[in-house]
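Asks: Here it is, the structure in full.
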Amino acid sequence: MEKKYYLFEDSAELAAQLAVDFKDAVSKKAASGGSLTVALSGGHTPKAFFEILAEAPYKEGLPWENVIFFWGDERCVPPDNDESNFKMTNIALLSHIDIPASNIHRVLGEYPPTNETLRYEKVIEENVAAGGNGFPSFDWIFLGMGDDGHTASLFPGASNLKEMKKICVVAEHPETGQKRVSLTFPVINNAKRVSFLVAGEAKAPVFKEILEKGANPLPYPASMVNPENGVLEWYLDKAAAPEL
Ligand code: 6PG
(Lines give C-alpha, C1' and ligand atoms only; values in the text may rest on other atoms or scores of the structure.)
Protein backbone atom coordinates (compact mmCIF):
# COMPACT_ATOMS: atom_id res chain seq x y z
CA MET A 1 0.00 0.00 0.00
CA GLU A 2 1.23 3.47 -0.94
CA LYS A 3 0.57 6.22 1.63
CA LYS A 4 0.65 9.95 0.82
CA TYR A 5 0.08 13.10 2.90
CA TYR A 6 -0.95 16.41 1.38
CA LEU A 7 -0.84 19.42 3.71
CA PHE A 8 -2.76 22.63 3.03
CA GLU A 9 -2.96 26.04 4.71
CA ASP A 10 -6.68 25.68 5.29
CA SER A 11 -9.77 23.72 4.23
CA ALA A 12 -10.40 26.02 1.26
CA GLU A 13 -6.97 25.31 -0.20
CA LEU A 14 -7.52 21.58 0.46
CA ALA A 15 -10.82 21.65 -1.43
CA ALA A 16 -9.33 23.58 -4.34
CA GLN A 17 -6.51 21.07 -4.86
CA LEU A 18 -8.84 18.14 -4.43
CA ALA A 19 -11.02 19.50 -7.24
CA VAL A 20 -7.95 19.64 -9.51
CA ASP A 21 -7.03 16.06 -8.57
CA PHE A 22 -10.62 14.88 -9.08
CA LYS A 23 -10.79 16.41 -12.57
CA ASP A 24 -7.49 14.74 -13.41
CA ALA A 25 -8.75 11.32 -12.32
CA VAL A 26 -12.08 11.66 -14.14
CA SER A 27 -10.42 12.90 -17.32
CA LYS A 28 -7.94 10.01 -17.33
CA LYS A 29 -10.71 7.46 -16.80
CA ALA A 30 -12.88 9.04 -19.52
CA ALA A 31 -9.94 9.04 -21.94
CA SER A 32 -9.74 5.27 -21.51
CA GLY A 33 -13.49 5.00 -22.18
CA GLY A 34 -14.40 4.15 -18.60
CA SER A 35 -16.36 5.69 -15.73
CA LEU A 36 -14.89 6.51 -12.33
CA THR A 37 -16.72 4.74 -9.47
CA VAL A 38 -16.64 7.11 -6.51
CA ALA A 39 -17.92 6.62 -2.96
CA LEU A 40 -18.48 9.98 -1.27
CA SER A 41 -18.16 10.81 2.39
CA GLY A 42 -20.63 12.88 4.34
CA GLY A 43 -20.36 15.32 7.19
CA HIS A 44 -19.20 18.90 6.64
CA THR A 45 -15.65 18.66 5.28
CA PRO A 46 -16.42 17.63 1.68
CA LYS A 47 -18.99 20.43 1.15
CA ALA A 48 -16.44 23.03 0.00
CA PHE A 49 -15.01 20.50 -2.48
CA PHE A 50 -18.48 19.78 -3.87
CA GLU A 51 -19.24 23.49 -4.19
CA ILE A 52 -16.07 24.06 -6.21
CA LEU A 53 -16.99 21.23 -8.58
CA ALA A 54 -20.43 22.85 -9.01
CA GLU A 55 -18.84 25.94 -10.55
CA ALA A 56 -16.61 26.80 -13.50
CA PRO A 57 -14.28 25.36 -14.69
CA TYR A 58 -15.51 22.02 -13.33
CA LYS A 59 -19.28 22.34 -13.75
CA GLU A 60 -19.04 22.27 -17.55
CA GLY A 61 -15.47 21.05 -17.76
CA LEU A 62 -15.86 17.52 -16.47
CA PRO A 63 -17.36 14.59 -18.43
CA TRP A 64 -19.89 13.90 -15.65
CA GLU A 65 -21.30 10.98 -17.63
CA ASN A 66 -18.01 9.25 -16.75
CA VAL A 67 -18.56 9.59 -13.01
CA ILE A 68 -20.70 7.16 -11.00
CA PHE A 69 -21.48 8.36 -7.47
CA PHE A 70 -22.15 6.19 -4.42
CA TRP A 71 -21.97 6.99 -0.71
CA GLY A 72 -19.55 5.42 1.75
CA ASP A 73 -22.16 5.93 4.41
CA GLU A 74 -25.54 7.53 4.85
CA ARG A 75 -27.84 8.38 7.71
CA CYS A 76 -31.10 6.43 7.72
CA VAL A 77 -33.26 9.48 7.09
CA PRO A 78 -35.23 10.69 4.04
CA PRO A 79 -33.27 12.47 1.27
CA ASP A 80 -34.80 15.84 2.18
CA ASN A 81 -33.74 15.57 5.83
CA ASP A 82 -31.02 18.00 6.95
CA GLU A 83 -29.06 15.03 8.32
CA SER A 84 -28.91 13.36 4.89
CA ASN A 85 -25.48 13.19 3.26
CA PHE A 86 -27.25 12.92 -0.09
CA LYS A 87 -29.16 16.15 0.61
CA MET A 88 -25.91 18.02 1.38
CA THR A 89 -24.29 16.67 -1.80
CA ASN A 90 -27.36 17.39 -3.91
CA ILE A 91 -27.55 21.00 -2.76
CA ALA A 92 -23.78 21.58 -3.04
CA LEU A 93 -23.11 19.69 -6.28
CA LEU A 94 -25.55 17.29 -7.90
CA SER A 95 -28.31 19.82 -8.57
CA HIS A 96 -25.80 22.02 -10.43
CA ILE A 97 -24.19 19.55 -12.83
CA ASP A 98 -25.35 17.67 -15.90
CA ILE A 99 -24.92 14.10 -14.63
CA PRO A 100 -27.24 11.26 -15.64
CA ALA A 101 -29.58 10.36 -12.77
CA SER A 102 -28.61 6.72 -13.39
CA ASN A 103 -25.06 7.63 -12.34
CA ILE A 104 -26.18 8.62 -8.84
CA HIS A 105 -26.69 5.70 -6.45
CA ARG A 106 -27.88 7.18 -3.20
CA VAL A 107 -28.58 5.06 -0.16
CA LEU A 108 -32.36 5.06 0.32
CA GLY A 109 -32.25 6.38 3.86
CA GLU A 110 -36.02 6.36 4.07
CA TYR A 111 -36.10 2.55 3.77
CA PRO A 112 -35.80 0.12 6.71
CA PRO A 113 -32.03 -0.02 7.37
CA THR A 114 -31.46 -3.77 7.11
CA ASN A 115 -33.49 -4.03 3.89
CA GLU A 116 -31.56 -1.09 2.48
CA THR A 117 -28.16 -2.63 3.18
CA LEU A 118 -29.24 -5.70 1.20
CA ARG A 119 -30.52 -3.56 -1.67
CA TYR A 120 -27.47 -1.29 -1.66
CA GLU A 121 -25.09 -4.25 -1.66
CA LYS A 122 -26.69 -5.44 -4.90
CA VAL A 123 -26.46 -1.97 -6.44
CA ILE A 124 -22.75 -1.87 -5.63
CA GLU A 125 -22.12 -5.39 -6.93
CA GLU A 126 -23.92 -4.55 -10.19
CA ASN A 127 -21.99 -1.32 -10.77
CA VAL A 128 -18.53 -1.77 -9.22
CA ALA A 129 -16.24 -4.46 -10.58
CA ALA A 130 -14.67 -6.87 -8.10
CA GLY A 131 -11.01 -6.40 -7.26
CA GLY A 132 -8.13 -7.92 -5.29
CA ASN A 133 -9.97 -9.54 -2.36
CA GLY A 134 -13.07 -10.40 -4.43
CA PHE A 135 -15.13 -7.52 -3.04
CA PRO A 136 -16.19 -4.59 -5.26
CA SER A 137 -13.20 -2.32 -5.85
CA PHE A 138 -14.12 1.36 -6.03
CA ASP A 139 -11.86 3.58 -8.07
CA TRP A 140 -11.96 6.23 -5.35
CA ILE A 141 -13.40 6.29 -1.85
CA PHE A 142 -13.52 9.56 0.05
CA LEU A 143 -13.56 9.33 3.83
CA GLY A 144 -13.88 11.78 6.68
CA MET A 145 -12.66 11.20 10.20
CA GLY A 146 -14.61 12.05 13.33
CA ASP A 147 -12.94 13.56 16.39
CA ASP A 148 -13.26 10.06 17.92
CA GLY A 149 -11.45 8.43 15.00
CA HIS A 150 -14.54 6.98 13.34
CA THR A 151 -14.71 6.86 9.58
CA ALA A 152 -17.67 6.32 7.30
CA SER A 153 -20.14 5.12 9.94
CA LEU A 154 -17.69 2.67 11.50
CA PHE A 155 -17.39 3.78 15.11
CA PRO A 156 -14.84 2.80 17.79
CA GLY A 157 -15.70 -0.48 19.52
CA ALA A 158 -18.54 -1.35 17.13
CA SER A 159 -18.96 -5.03 16.29
CA ASN A 160 -19.22 -4.21 12.58
CA LEU A 161 -15.53 -3.26 12.55
CA LYS A 162 -14.96 -7.02 12.32
CA GLU A 163 -17.46 -7.57 9.49
CA MET A 164 -15.53 -9.43 6.80
CA LYS A 165 -18.33 -10.87 4.64
CA LYS A 166 -20.80 -8.09 3.92
CA ILE A 167 -20.35 -5.12 1.60
CA CYS A 168 -22.36 -2.78 3.80
CA VAL A 169 -23.86 -2.91 7.25
CA VAL A 170 -26.34 -1.16 9.49
CA ALA A 171 -24.40 1.03 11.92
CA GLU A 172 -25.53 3.09 14.88
CA HIS A 173 -24.17 6.42 16.03
CA PRO A 174 -22.90 5.79 19.60
CA GLU A 175 -24.31 9.02 21.03
CA THR A 176 -27.50 9.67 19.11
CA GLY A 177 -28.42 6.07 18.27
CA GLN A 178 -29.06 7.23 14.72
CA LYS A 179 -29.06 4.30 12.30
CA ARG A 180 -26.68 4.48 9.39
CA VAL A 181 -25.75 2.38 6.36
CA SER A 182 -21.98 2.06 5.97
CA LEU A 183 -19.47 0.35 3.72
CA THR A 184 -17.37 -2.26 5.51
CA PHE A 185 -13.59 -2.57 5.73
CA PRO A 186 -13.32 -5.38 3.13
CA VAL A 187 -14.74 -2.91 0.60
CA ILE A 188 -12.94 0.21 1.84
CA ASN A 189 -9.61 -1.63 1.89
CA ASN A 190 -10.21 -3.03 -1.61
CA ALA A 191 -10.42 0.40 -3.25
CA LYS A 192 -7.80 1.59 -5.73
CA ARG A 193 -7.63 4.98 -4.03
CA VAL A 194 -8.81 6.05 -0.59
CA SER A 195 -8.58 9.69 0.43
CA PHE A 196 -9.20 11.06 3.90
CA LEU A 197 -10.36 14.67 3.96
CA VAL A 198 -9.44 15.95 7.44
CA ALA A 199 -9.54 19.57 8.52
CA GLY A 200 -9.70 21.45 11.80
CA GLU A 201 -7.84 21.30 15.11
CA ALA A 202 -10.38 18.94 16.68
CA LYS A 203 -8.99 16.15 14.48
CA ALA A 204 -5.34 16.84 15.39
CA PRO A 205 -4.98 14.58 18.49
CA VAL A 206 -6.31 11.45 16.77
CA PHE A 207 -4.51 12.16 13.52
CA LYS A 208 -1.22 12.55 15.44
CA GLU A 209 -1.73 9.15 17.08
CA ILE A 210 -2.50 7.55 13.72
CA LEU A 211 0.52 9.23 12.08
CA GLU A 212 2.84 7.96 14.82
CA LYS A 213 1.19 4.59 15.48
CA GLY A 214 3.67 2.32 13.75
CA ALA A 215 2.60 -1.30 14.16
CA ASN A 216 0.58 -0.79 17.35
CA PRO A 217 -3.17 -1.21 16.87
CA LEU A 218 -5.25 1.85 17.81
CA PRO A 219 -8.92 1.99 18.86
CA TYR A 220 -9.68 4.22 15.90
CA PRO A 221 -11.50 2.82 12.84
CA ALA A 222 -9.72 5.45 10.70
CA SER A 223 -6.43 3.72 11.58
CA MET A 224 -7.79 0.45 10.15
CA VAL A 225 -8.06 1.88 6.62
CA ASN A 226 -5.29 0.19 4.63
CA PRO A 227 -6.10 -0.35 0.94
CA GLU A 228 -3.64 -3.23 0.39
CA ASN A 229 -3.50 -2.85 -3.39
CA GLY A 230 -4.23 0.85 -3.56
CA VAL A 231 -3.19 4.31 -2.51
CA LEU A 232 -4.09 5.83 0.85
CA GLU A 233 -4.06 9.62 0.85
CA TRP A 234 -4.54 12.13 3.65
CA TYR A 235 -5.68 15.57 2.52
CA LEU A 236 -5.07 17.67 5.65
CA ASP A 237 -5.09 21.27 6.68
CA LYS A 238 -2.44 22.63 9.05
CA ALA A 239 -4.90 22.81 11.94
CA ALA A 240 -5.43 19.03 11.78
CA ALA A 241 -1.76 18.21 11.22
CA PRO A 242 0.43 20.89 12.82
CA GLU A 243 3.29 18.44 13.14
CA LEU A 244 3.50 17.52 9.46
C1 6PG B 1 -20.98 11.07 8.23
C2 6PG B 1 -19.63 10.76 7.72
C3 6PG B 1 -18.59 10.77 8.75
C4 6PG B 1 -17.83 12.07 8.59
C5 6PG B 1 -16.96 12.33 9.79
C6 6PG B 1 -16.28 13.70 9.67
O7 6PG B 1 -21.95 10.59 7.65
O8 6PG B 1 -21.03 11.84 9.19
O9 6PG B 1 -19.43 10.18 6.61
O10 6PG B 1 -17.71 9.68 8.72
O11 6PG B 1 -17.04 11.98 7.41
O12 6PG B 1 -17.80 12.33 10.94
O13 6PG B 1 -17.29 14.67 9.58
P14 6PG B 1 -16.96 16.23 9.38
O15 6PG B 1 -16.45 16.36 7.98
O16 6PG B 1 -18.30 16.91 9.59
O17 6PG B 1 -15.93 16.59 10.42
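Asks: Could you pull out every residue, at least 5 positions away or on a different chain, whose amide H is within less than 5 Å of the one on ALA171? Hs are placed 1.01 Å off N in the peptide plane, and Pro or chain starts have none.
Replies: When sequence neighbours closer than 5 places are left aside, the close amide H contacts are ARG180, VAL181, SER182.
Asks: Let me ask something additional. Within region 187-217, list the residues whose amide N lies under 15 Å from a label point set 7 Å along Cα→Cβ of MET1.
Replies: 187-197, 210-217
Asks: Quick query: amide H of SER195 versus all other amide H atoms, modeled in the peptide plane; which residues come in under 5 Å with a sequence gap of 5 or more or a different chain?
Replies: The list, which skips near neighbours in sequence, is ILE141, PHE142, LEU143, GLU233.
Asks: Helices from the chain with mean Kyte-Doolittle at least 0.0 and a Cα length along the axis of 18 Å or more, per DSSP H: which?
Replies: 11-31
Asks: So which GluC sites (Glu not before Pro) in region 168-238 are both in a DSSP loop and have at most 16 other Cβ atoms within 10 Å of their Cβ?
Replies: Passing both the DSSP loop test and the Cβ count: GLU175, GLU212, GLU228.
Asks: Heavy-atom accessible area per residue, the chain, 1.4 Å probe: how many Å²?
Replies: The answer is 44 Å² per residue.
Asks: Once each part is reduced to its C-alpha centroid, what is the distance from region 147-209 to region 51-125 in angstrom?
Replies: After rounding, the separation between the Cα centres reads 19 Å.
Asks: I've got another one for you. So between GLU228 and GLU110, what do we pick up on full extension, going 0.36 nm a residue minus the alpha carbon distance?
Replies: Here the answer is 39.1 nm.
Asks: Per residue of the chain, what 222 nm ellipticity follows from adding -39500 (n - 2.57) for every DSSP H run with n ≥ 4, rounded to the nearest 500?
Replies: Value at 222 nm, helices only: -8000 deg cm²/dmol.
Asks: Report the equivalent ellipsoid semi-axes for region 63-151 in whole Å, largest first, defined as the square roots of five times the eigenvalues of the gyration tensor built from alpha carbon atoms.
Replies: 20, 18, 15
Asks: Mind putting a number on the dipole of the chain about its Cα centre? Charges go on the C-beta only, +1 for Lys and Arg and -1 for Asp and Glu, and I need it in Debye to the nearest 20.
Replies: Dipole magnitude for the chain comes out near 640 debye.
Asks: If each of LEU118 and GLU175 carries a label point 7 Å out from its Cα toward its Cβ, how far apart are those two points in nm?
Replies: 3.4
Asks: Further, regarding this structure: How much of the accessible area of the chain, in percent, comes from carbon and sulfur atoms when a 1.4 Å probe is used?
Replies: 52
Asks: Considering the Cα positions of the chain, please state its Rg to one decimal place and its Dmax as a whole number of Å.
Replies: Gyration radius and largest Cα-Cα distance of the chain: 16.7, 46 Å.
The values are calculated or read from the model by the stated rules, or taken from the named source; none is laboratory data. This one's a predicted model, so the numbers in the text were calculated from it and none came from an experiment. As a convention, Cβ positions derive from the backbone with ideal geometry for all residues, glycine included, and neighbour counts pool all protein chains shown. Side chains included, ligands, DNA and RNA excluded: accessible areas come from the protein's heavy atoms. Shrake-Rupley method; radii C 1.70, N 1.55, O 1.52, S 1.80 Å.
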